[in-house]
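Step one of this worksheet: look at the structure below.
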Amino acid sequence: LEVVKKLFVSFGAKEDEIKVEQFKDISNVVVSKKGKSEETIIIGAHYDKVKEGCGAIDNWTGISVLAHLYKTLSKFETEKSFIFVAFDKEEGGLFGSKEMAKAIPKENRKKYCSMVNMDSFGLGIPQVLTNTSSSKLAKYAKSLAKETNFPYSQAGILNADADSRSFLDNGIPALTFTGLAINWEKYLHTNQDKLENI
């Protein structure tokens, strides 16, 4: 948690802009960026890890992407508002994202355009994890990648879940980007989840 906060500071966030949202024993790190409208996009990644390995792939890569997106978007005036959130306790059952999504009052959910989740990069090209993503957002991501000539793929992973699921379950469109490859099981949740394997 403290390292995530320091990372945001090193990428330009003021210490008083970084909030820790507590839900019982869960601590989500949140940095907001006000846009011209109340329409909001949540961009998230989880910062917890399993016991094995050091969590470099799953999910320090996602946290790094999240911080870079914050740094880039904070330089511009944006139409929409953004909430950048580092979720706690994803590995045990998506607890950080579930609590955040549940805490959004039903009457306010329409202002949340989407939730974009970053989870596990460094093994392959960016792709949408289809089984935890809105089909409409996945289609949009594919179209945008084609338009910008950006490498893109999509795949589903049987029995895999991600923080985007918590928002989908609460009526907020969401998708997960990942950078896994066909041999991902060799690295994730094993002692091979370390920096030199990215």
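For the range 97-134, filtering for residues that are among the charged types (D, E, K, R), surrounded by 16 or more Cβ atoms within 10 Å (Cβ to Cβ) and in contact with a strand residue (DSSP E or B) (Cβ under 7 Å, 6 or more places away or on another chain) leaves 2. Scanning for something open to solvent by less than 40 Å² (accessible area, probe 1.4 Å), of a type in the set (A, V, I, L, M, F, W, C) and assigned to a helix (DSSP H, G or I), does the range 169-191 turn up at least one residue? No, every residue in the range 169-191 fails to be open to solvent by less than 40 Å² (accessible area, probe 1.4 Å), of a type in the set (A, V, I, L, M, F, W, C) and assigned to a helix (DSSP H, G or I). Restricting attention to the range 2-15, the residues that are open to solvent by 60 Å² or more (accessible area, probe 1.4 Å) and part of a loop (DSSP other than H, G, I, E, B) add up to 1. Given the condition farther than 26 Å from residue 179 by Cα and either of a type in the set (Lys, Arg) or without any contact (Cβ under 8 Å) to a residue 60 or more places away in the chain (or both), answer yes or no: does some residue in the range 37-52 qualify? So far as the range 37-52 goes, yes, one or more of its residues are farther than 26 Å from residue 179 by Cα and either of a type in the set (Lys, Arg) or without any contact (Cβ under 8 Å) to a residue 60 or more places away in the chain (or both).
May I ask you to verify whether residue 85 is closer than 15 Å to residue 162 by Cα and assigned to a strand (DSSP E or B)? Taking the combined requirement at face value, the residue satisfies it. With the requirement that a residue be open to solvent by less than 40 Å² (accessible area, probe 1.4 Å), in contact (Cβ under 8 Å) with a residue 24 or more places away in the chain and more than 13 Å from the chain's Cα centre (by Cα), what does the range 74-96 give you? Matches in the range 74-96: 78, 81. Can you give me the number of residues within the range 38-73 that are in contact with a strand residue (DSSP E or B) (Cβ under 7 Å, 6 or more places away or on another chain), surrounded by fewer than 18 Cβ atoms within 10 Å (Cβ to Cβ) and assigned to a loop (DSSP other than H, G, I, E, B)? Looking only at that region, the number is 2.
Looking for something touching a residue at least 60 places away in the same chain (Cβ under 8 Å) and touching a Phe, Trp or Tyr at 6+ places or on another chain (Cβ under 7 Å) - is there at least one such residue anywhere in the range 124-147? Within the range 124-147, none of the residues are touching a residue at least 60 places away in the same chain (Cβ under 8 Å) and touching a Phe, Trp or Tyr at 6+ places or on another chain (Cβ under 7 Å). The residue list 90, 107, 99, 147 contains one member that is of a type outside the set (A, V, I, L, M, F, W, C) and in contact with a His (Cβ under 7 Å, 6 or more places away or on another chain), which is 90. Against the conditions (1) surrounded by fewer than 18 Cβ atoms within 10 Å (Cβ to Cβ); (2) touching a helix residue (DSSP H, G or I) at 6+ places or on another chain (Cβ under 8 Å); (3) in contact (Cβ under 8 Å) with a residue 12 or more places away in the chain, residue 29 satisfies every one except (1).
Given the criteria touching a helix residue (DSSP H, G or I) at 6+ places or on another chain (Cβ under 7 Å), assigned to a loop (DSSP other than H, G, I, E, B), open to solvent by 60 Å² or more (accessible area, probe 1.4 Å) and not basic (Lys, Arg), does residue 161 qualify? Break it down stepwise before answering.
Working: touching a helix residue (DSSP H, G or I) at 6+ places or on another chain (Cβ under 7 Å): yes; assigned to a loop (DSSP other than H, G, I, E, B): yes; open to solvent by 60 Å² or more (accessible area, probe 1.4 Å): yes; not basic (Lys, Arg): yes.
Here the answer is yes, as residue 161 does meet what is asked.
Condition test on residue 39, is it within 23 Å of residue 109 (Cβ to Cβ), acidic (Asp, Glu) and within 17 Å of the chain's Cα centre (by Cα)? Judged against the criteria, residue 39 is not a match. Here residue 114 passes the criteria (1) under 18 Å from residue 158 (Cα atoms); (2) in a strand (DSSP E or B) except the one numbered (1).
The values are calculated or read from the model by the stated rules, or taken from the named source; none is laboratory data. Because the structure is a prediction, the values reported are computed rather than measured. Don't worry about glycine lacking a Cβ; one is built from the backbone with ideal geometry, like all the others, and counts go over all protein chains shown. With ligands, DNA and RNA removed, areas are computed over all heavy atoms of the protein, side chains included. Shrake-Rupley method; radii C 1.70, N 1.55, O 1.52, S 1.80 Å.
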